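Read through the structure below, which is laid out as structure tokens, and then see the notes.
The values are calculated or read from the model by the stated rules, or taken from the named source; none is laboratory data. Nothing here was measured: the structure is a model prediction, and the numbers come from that model. Glycine also receives a Cβ, built like all others from the backbone with ideal geometry; neighbour counts cover every protein chain displayed. The accessibility values were calculated without ligands, DNA or RNA, using every heavy atom of the protein model including side chains. Shrake-Rupley method; radii C 1.70, N 1.55, O 1.52, S 1.80 Å.
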Amino acid sequence: MSAPGTDPSATMTSGKEVLKRIEYSGEMLVNMGPQHPSTHGVINFLVQTDGEEMTRAIPEVGYLHRSIEKIGERCEYAGFMPYTDRVDYIAAMFANQGWAMACERLFAIEVPKRAEYCRVIACELNRIASHLISVGTMAMDVGAVTPFPYALREREFINDLLEELCGARLTYNYLRIGGVAFDLPDGYSERVLRFVDHFEKVLVEFDRLITQNRIFVERLRGLGVISRALAIDHCLVGPNLRASGVDWDLRRDLPYSAYPDFEFAVPVGTGAVGKTGDAWDRFWVRTREMQESCRIVRQALQKLPEGPVMAKVPRRLKAPEGTDAFSRIESARGDMQYYVVAGPGEMAHRLKIRTGSFNAMGIIEKLSRGIMLADLVALIASLDVVAPEIDR
Amino acid sequence: MSEPTQKSLGGWARDVSESARSLWEGMSVTLSYMFKKPITTQYPDRMPLPVVHTLPTRYRGFLEVDMDTCTACQACERACPIDVINIDLIRGDGVTTPKTAMERFDIDIGKCMFCGLCVEPCPTGSIQHTREFEGAAMAFDNLTLRFVPDPAKPYPAYKPPKGADAYPRKPLGEIVRKLIREWDAPAPAFPQRDGQTPRPGPAEVSHVPR
Amino acid sequence: MSAAATAISLSLSTIAKTSNPRSPEQLVDGLLRARGIEASSPLSTLAMVAALLAIAFIVVNCAAIAAGIFSWLERRIAARMQSRVGPNRVGPAGFFQWIADAVKLLLKEDLIPEGANVHLFRAAPYFMMVGFACTFVALPFSHALIAADLGVGVFYLLAVTAFVVVGVLASGWSSNSKWSLFGSIRSAAQIVSYEIPAGMALLVPVLLAGTLSTQGIIRAQGGWPWQWFVFHDPAALAAFFIYFISALAEGNRAPFDLPEAESELVAGYNTEYSGMRFSYFFLVEWGNMWVMSALATSVFLGGWQLPGLDAARFDALTGGAAIGLEIVSLALFALKTMSLVFVIMWLRWTLPRLRVDQLMSLCWKYLVPVSFAGALFVAGWMLVVRAAPVLDLLMRGALTALGALVVTLFVRRTLSNVRDVGDRLDVRGNW
């Protein structure tokens, strides 16, 4: 459905241009954000709308830009680790992991097996926590408030566990170049297992409360359908890509860390209620991924090897100038990549972080044509964009 | 998006029954929580235990330095990615005055990101994260924890005994709790221009550099 | 002056003719007569007007206090359902929170945005207040407690509740904010659409009772559940649900809270309001819950009717017994209404919000046809019952049994929910 005054072939348009066009049509321009409850952080959307039906929504990013990449070029390799927490503060463990892996490749450090297992346990717990935020806020954006506190309650249990592990609830700074900061505390695996058992039951309840809810399904089915080709064209990653039916998970397809040791399924969107790649599929894929994460955590605790959690790392980390390293991990929001070029001193010459949310933002304008205003918030939520990760 | 759809009577009835089912499921879930104990706590006064005592030992709260075991090696200062720690050393002759003493050991808690990188290189475990996290200050300046209270009386550096693997340390949190109490001190006076002019009136306030 | 007074006394006497003998006007009239003052004297008119003002004062304040208490109740219930504690600082279990909030809102600055239509902006909350307060005229509270038992009670209630939409539209349009405009337009569309199923659903008890007066409809029912209109026949049961859903939509309550959808429109039509004017909107929203529940209780759930006590025998009672049972009937009515209010809150904290087009399709494709068919069915059923009264008893018994079964199964399901996640029942902890 295309409204008058729009050119479907145009992909990116500036706000000024839209304003100029709107002058001659009966449409109106509404600013959604940067202070809006459902933009998930400081993001602005220029919404061109004809009543309830939108003509398009143009995302404007950059409100949360903190030049983390540049800071990485002015900071020692080890000292940059706490900054990576801030790349994606909802899933900080993954950003830690990506940076640690990039540096380990740069300095050719072999990480002990136990440390890898610790990383997997911490990361998978963090993935559950991140997905809980995602599904909870998505339910809230569709208007159901209660699933959100339920999701946050479970996330608090994970935060408690991670706090016990590394001392912080949000910005973990748990991983180190060459291993992890602390070994698992005494009795930790029993507590994690108790949580995982409890969580799997709660997930069933959560499904009954919201995932299968008729109004929720009706709101999300067929909304923002991303076809397989479109997803690949827009470089979507992670759950957004898998919901479109692309069976691609770095943990399985480009294995890193200790992931080859574990058995887990990769949930792929099937269009169970509508079309493959609609908003409900993205929601559903996240709930299933939480289940799979529980499985991985169980296996990791079972197979946990003995040994040190930190490799021998030289006090001064230095690599020949110009050498580079690259790491790819499957973060909660998909493929997260770090590219680092060593500089002359103990600092990087160039650092680039590639995150999933930024690409997900790019597809919103295309998907927003002709949908309702109320659907836009559900669409944004279904893509699970996190403002700090977009802007870094 | 909302293309008109023709619904059969069966589909119509299925819609109604599906809605009734999801009402049934959803409402029974929310009702069951009415009869459970809320998970949240009534912080801070209606808690079975003070929160500080329920935190794990690894909790990264306010930093604390035990000056009696500080070797003045400045490893923490170097490790800090954001220059929160400031240490000023003075050298003495080693006879009448100590060879190395610290005139200043400041940690700016207002800037600290509680990453824990400074704790790791400390040879004696003098700098530690405590479990203290509660405190409010009247001014940013008050947020700086000064572990050498008086620069005129520098702290001599600690010489660890050879081959020791444990160092005496004051109970964790004791020092920082005392320092936090000083945060309630009133804010320093508003900066005045060229030393003597009186505080600017309301009309001028906007021109005062911050 | 005298012409106006005559007009008022005339209208009062018209109302008095259609009301039951225990209405306030009759009370005032009786008092005056006892002192030897005739109804035609100007003193009588003055006394009537004074009584009217007093009643209006009491009713509006009761409504405001009820709305305030509901705000506390809703927050506590929502909190409990979300595994939280809710307001807990002011008074026992945070009960006086609503007073604290009211004081805060009274003292806040009354902001009027630049570019707003000032007069309309200021007037909009009062439009809503008036529409809301007017409903209390015809709402019964107990056997005798009713401001005026209008002969056209249900019709009057439907008419005044629609007045709220004027306030919503005015507030949204005059705010000079696009979000407010979205909210108010949504609200207007919604309220106007849902008037139809609500009216058709209310037609069912009106048909069954043969009167539009709220007290009359209650009197046509009985105290026991199988004597209620809701269990009269399947169409009446459906009408109850249709009325309930439409009332939710008219009151802008979730899952139909589109006009103030906080995740989409920030706060809808009241985005730009602050202070006391803002609080009027919420007063109306929470007070409306009482109105819609009280109306549903009156016309479907037997109102104040006490089990085992006929309305006629109730009328004949005098002295202490009458006053005692009056209080019991008031309590029973309040209990039924409060349970419905609880259900409204419960729904709000369970369901997601509908989209605008889904809202409309629910109204026009589901509720309107069913309500029309239901009204026809009831008319036919009444003929059938007249021919074979035993069918009436059977149907009422079967529907009541069905209701009891559903409630039992639901309670069992809820209890198993608690067990399923490895929790246990605990209603006393953490208040």
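Which numbered condition trips up B:Thr57, out of (1) open to solvent by 70 Å² or more (accessible area, probe 1.4 Å); (2) more than 27 Å from A:Leu184 (Cα to Cα)?
(2)
If you go through the stretch C:339-349 one residue at a time, do you hit one that is charged (D, E, K, R) and within 14 Å of another protein chain (Cβ to nearest Cβ)? Write out each step before concluding.
Kept after step one, since they are charged (D, E, K, R), are these residues of the stretch C:339-349: C:348.
Next, only the ones that are within 14 Å of another protein chain (Cβ to nearest Cβ) stay: C:348.
Yes, some residue in the stretch C:339-349 is charged (D, E, K, R) and within 14 Å of another protein chain (Cβ to nearest Cβ).
Tell me, which residue of the stretch A:75-102 that is away from chain B (no Cβ under 12 Å) and closer than 15 Å to A:Leu170 by Cβ is surrounded by the fewest Cβ atoms within 10 Å (Cβ to Cβ)? Before you say what the answer is, go through the steps one by one.
Filtering the stretch A:75-102 down to residues away from chain B (no Cβ under 12 Å) leaves A:87-88, A:90-91, A:93-95, A:97-102.
Next, only the ones that are closer than 15 Å to A:Leu170 by Cβ stay: A:87-88, A:90-91, A:93-95.
Working: A:Val87: 27, A:Asp88: 28, A:Ile90: 24, A:Ala91: 27, A:Met93: 29, A:Phe94: 27, A:Ala95: 31.
Among those residues, the one meeting the criterion is A:Ile90.
Is it the case that C:Ala220 is open to solvent by 30 Å² or more (accessible area, probe 1.4 Å) and either outside the structural domain of C:Glu114 (by TED's automatic domain parsing) or aliphatic (A, V, I, L, M) (or both)?
Numbers: open to solvent by 30 Å² or more (accessible area, probe 1.4 Å): yes; either outside the structural domain of C:Glu114 (by TED's automatic domain parsing) or aliphatic (A, V, I, L, M) (or both): yes.
In short, yes.
If the Cβ limit is 8 Å and pairs must be 6+ apart or interchain, which residue in the stretch B:35-49 that is at the interface with another protein chain (Cβ under 7 Å from one of its Cβ atoms) pairs with which residue that is surrounded by 12 or more Cβ atoms within 10 Å (Cβ to Cβ) and among the aliphatic types (A, V, I, L, M)?
Listed by first residue and then by second, the contacts come to B:Phe35/C:Val418; B:Phe35/C:Leu425; B:Lys36/C:Val418; B:Lys36/C:Leu425; B:Pro38/C:Ala79; B:Pro38/C:Val85; B:Thr40/C:Val85; B:Gln42/C:Val85.
Return yes or no: is A:Ala374 touching a helix residue (DSSP H, G or I) at 6+ places or on another chain (Cβ under 6 Å), at pLDDT 85 or above and surrounded by 23 or more Cβ atoms within 10 Å (Cβ to Cβ)? Steps first, answer last, please.
On the way: touching a helix residue (DSSP H, G or I) at 6+ places or on another chain (Cβ under 6 Å): yes; at pLDDT 85 or above: no; surrounded by 23 or more Cβ atoms within 10 Å (Cβ to Cβ): yes.
Answer is no for this residue.
I need the full set of residues from the stretch C:97-127 which are within 19 Å of C:Ala67 (Cβ to Cβ) and acidic (Asp, Glu), in order please.
Answer for the stretch C:97-127, where residues must be within 19 Å of C:Ala67 (Cβ to Cβ) and acidic (Asp, Glu): just C:Asp101.
Conditions tested, residue by residue: (1) modelled with pLDDT under 85; (2) within 7 Å of another protein chain (Cβ to nearest Cβ); (3) under 36 Å from the mean Cα position of the chain (by Cα); (4) not in a loop (DSSP other than H, G, I, E, B).
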position: B:Leu23; (1), (2), (3), (4): no, no, no, yes
position: B:Val29; (1), (2), (3), (4): no, yes, no, yes
position: B:Tyr33; (1), (2), (3), (4): no, yes, yes, yes
position: B:Val52; (1), (2), (3), (4): yes, no, yes, yes
position: B:Arg58; (1), (2), (3), (4): no, yes, yes, no
position: B:Glu64; (1), (2), (3), (4): no, no, yes, yes
position: B:Cys73; (1), (2), (3), (4): no, no, yes, no
position: B:Asn86; (1), (2), (3), (4): no, no, yes, yes
position: B:Thr96; (1), (2), (3), (4): yes, no, no, no
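Tell me, yes or no, whether the stretch A:155-172 has at least one residue that is open to solvent by 20 Å² or more (accessible area, probe 1.4 Å), more than 10 Å from chain C (Cβ to nearest Cβ) and touching a residue at least 60 places away in the same chain (Cβ under 8 Å).
Going through the stretch A:155-172, the residues open to solvent by 20 Å² or more (accessible area, probe 1.4 Å) turn out to be A:155-157, A:160, A:164, A:169-171.
From what is left, the residues that are more than 10 Å from chain C (Cβ to nearest Cβ) are A:155-157, A:160, A:164, A:169-171.
From the residues that got through so far, the ones that are touching a residue at least 60 places away in the same chain (Cβ under 8 Å) too are A:170-171.
Yes, the stretch A:155-172 has at least one match.
Kindly list, by first and then second residue, each pair from a residue in the stretch B:149-176 that is open to solvent by 80 Å² or more (accessible area, probe 1.4 Å) to a residue that is of a type in the set (S, T, N, Q) and assigned to a helix (DSSP H, G or I), limited to pairs with Cβ atoms under 7 Å and residues at least 6 apart or on different chains.
B:Pro168/B:Thr69
Can you find a residue that is closer than 30 Å to A:Tyr150 by Cα, open to solvent by 20 Å² or more (accessible area, probe 1.4 Å) and in the same structural domain as C:Pro259 (by TED's automatic domain parsing) anywhere in the stretch C:312-319?
Initial filter on the stretch C:312-319 (closer than 30 Å to A:Tyr150 by Cα): none.
No: the stretch C:312-319 contains no residue that is closer than 30 Å to A:Tyr150 by Cα, open to solvent by 20 Å² or more (accessible area, probe 1.4 Å) and in the same structural domain as C:Pro259 (by TED's automatic domain parsing).
Taking A:Arg105, is it touching a strand residue (DSSP E or B) at 6+ places or on another chain (Cβ under 6 Å) and either surrounded by fewer than 22 Cβ atoms within 10 Å (Cβ to Cβ) or assigned to a loop (DSSP other than H, G, I, E, B) (or both)?
Values: touching a strand residue (DSSP E or B) at 6+ places or on another chain (Cβ under 6 Å): yes; either surrounded by fewer than 22 Cβ atoms within 10 Å (Cβ to Cβ) or assigned to a loop (DSSP other than H, G, I, E, B) (or both): yes.
Yes.
Which condition number in (1) within 14 Å of chain C (Cβ to nearest Cβ); (2) assigned to a helix (DSSP H, G or I); (3) touching a residue at least 40 places away in the same chain (Cβ under 8 Å) is the one that A:Gly224 fails?
(2)
Looking at (1) away from every other protein chain (no Cβ under 14 Å); (2) under 30 Å from B:Tyr43 (Cβ atoms); (3) of a type in the set (S, T, N, Q), find the lone condition where C:Thr400 falls short.
Result: C:Thr400 passes all but (2).
Among the listed residues A:Arg369, A:Arg350, identify the single one that is away from every other protein chain (no Cβ under 14 Å) and open to solvent by 10 Å² or more (accessible area, probe 1.4 Å).
Numbers: A:Arg369 fails: away from every other protein chain (no Cβ under 14 Å).
Going through A:Arg369, A:Arg350 in turn, the sole match is A:Arg350.
Conditions tested, residue by residue: (1) of a type outside the set (Phe, Trp, Tyr); (2) farther than 20 Å from A:Cys118 by Cβ; (3) not in a loop (DSSP other than H, G, I, E, B).
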{"site": "A:Val246", "(1), (2), (3)": "yes, yes, no"}
{"site": "A:Arg252", "(1), (2), (3)": "yes, yes, yes"}
{"site": "A:Ser257", "(1), (2), (3)": "yes, no, no"}
{"site": "A:Pro260", "(1), (2), (3)": "yes, no, yes"}
{"site": "A:Gly271", "(1), (2), (3)": "yes, yes, no"}
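Buried (at least 17 other Cβ atoms within 10 Å of the Cβ) and either in contact with an Asp or Glu (Cβ under 6 Å, 6 or more places away or on another chain) or among the acidic types (Asp, Glu) (or both), is that true of B:Ile85? If you could, list the steps in order and put the result at the bottom.
Values: buried (at least 17 other Cβ atoms within 10 Å of the Cβ): yes; either in contact with an Asp or Glu (Cβ under 6 Å, 6 or more places away or on another chain) or among the acidic types (Asp, Glu) (or both): yes.
Spelling it out, B:Ile85 is indeed buried (at least 17 other Cβ atoms within 10 Å of the Cβ) and either in contact with an Asp or Glu (Cβ under 6 Å, 6 or more places away or on another chain) or among the acidic types (Asp, Glu) (or both).
Quick one: C:Ala294 ticks every box in (1) open to solvent by 10 Å² or more (accessible area, probe 1.4 Å); (2) away from chain A (no Cβ under 14 Å); (3) on the phi < 0 side of the Ramachandran plot; (4) among the small types (Gly, Ala, Ser) bar one, so which box is it?
Checking C:Ala294 against (1) open to solvent by 10 Å² or more (accessible area, probe 1.4 Å); (2) away from chain A (no Cβ under 14 Å); (3) on the phi < 0 side of the Ramachandran plot; (4) among the small types (Gly, Ala, Ser), the one that fails is (1).
If you go through the stretch C:152-160 one residue at a time, do you hit one that is closer than 25 Å to C:Gly268 by Cα and surrounded by fewer than 17 Cβ atoms within 10 Å (Cβ to Cβ)? Before you say what the answer is, go through the steps one by one.
As a first pass, look at the stretch C:152-160 and keep what is closer than 25 Å to C:Gly268 by Cα: C:158-160.
Keeping just the survivors that are surrounded by fewer than 17 Cβ atoms within 10 Å (Cβ to Cβ) gives C:159.
There is at least one residue in the stretch C:152-160 that is closer than 25 Å to C:Gly268 by Cα and surrounded by fewer than 17 Cβ atoms within 10 Å (Cβ to Cβ).
Can you name every residue in the stretch A:227-244 that is assigned to a helix (DSSP H, G or I) and either open to solvent by less than 40 Å² (accessible area, probe 1.4 Å) or hydroxyl-bearing (Ser, Thr, Tyr) (or both)? So that I can check it myself, show each step before the final result.
Within the stretch A:227-244, the first condition is being assigned to a helix (DSSP H, G or I), and the residues that meet it are A:228-233, A:239-243.
Of everything in the stretch A:227-244, those that are assigned to a helix (DSSP H, G or I) and either open to solvent by less than 40 Å² (accessible area, probe 1.4 Å) or hydroxyl-bearing (Ser, Thr, Tyr) (or both) turn out to be A:Leu230, A:Ala231, A:Pro239, A:Asn240, A:Leu241, A:Arg242, A:Ala243.
Step by step: first the residues of the stretch B:114-143, then only those that are hydrophobic (A, V, I, L, M, F, W, C), open to solvent by 30 Å² or more (accessible area, probe 1.4 Å) and within 12 Å of chain A (Cβ to nearest Cβ), then the one that is nearest to A:Thr84 (Cα to Cα). Which residue is that?
Filtering the stretch B:114-143 for residues that are hydrophobic (A, V, I, L, M, F, W, C), open to solvent by 30 Å² or more (accessible area, probe 1.4 Å) and within 12 Å of chain A (Cβ to nearest Cβ), the one nearest to A:Thr84 (Cα to Cα) comes out as B:Phe114.
Could you look through the stretch A:182-214, keep only residues that are under 24 Å from A:Pro82 (Cβ atoms) and touching a residue at least 60 places away in the same chain (Cβ under 8 Å), and pick out the one that is least open to solvent (accessible area, probe 1.4 Å)? Can you show your working first?
As a first pass, look at the stretch A:182-214 and keep what is under 24 Å from A:Pro82 (Cβ atoms): A:182-185, A:188.
Now restrict to residues that are touching a residue at least 60 places away in the same chain (Cβ under 8 Å): A:182-184.
Values: A:Phe182: 66, A:Asp183: 51, A:Leu184: 23 Å².
The qualifying residue least open to solvent (accessible area, probe 1.4 Å) is A:Leu184.
Could you tell me whether the stretch C:234-251 includes any residue that is farther than 19 Å from C:Val368 by Cα and at pLDDT below 85? Spell out the reasoning first.
If we filter the stretch C:234-251 for residues that are farther than 19 Å from C:Val368 by Cα, which is where we start, we get none.
The answer is no; no qualifying residue exists.
Here is a check on your reading of the model: is A:Gln302 closer than 30 Å to C:Asn417 by Cβ and without any contact (Cβ under 8 Å) to a residue 12 or more places away in the chain?
Values: closer than 30 Å to C:Asn417 by Cβ: no; without any contact (Cβ under 8 Å) to a residue 12 or more places away in the chain: yes.
No.
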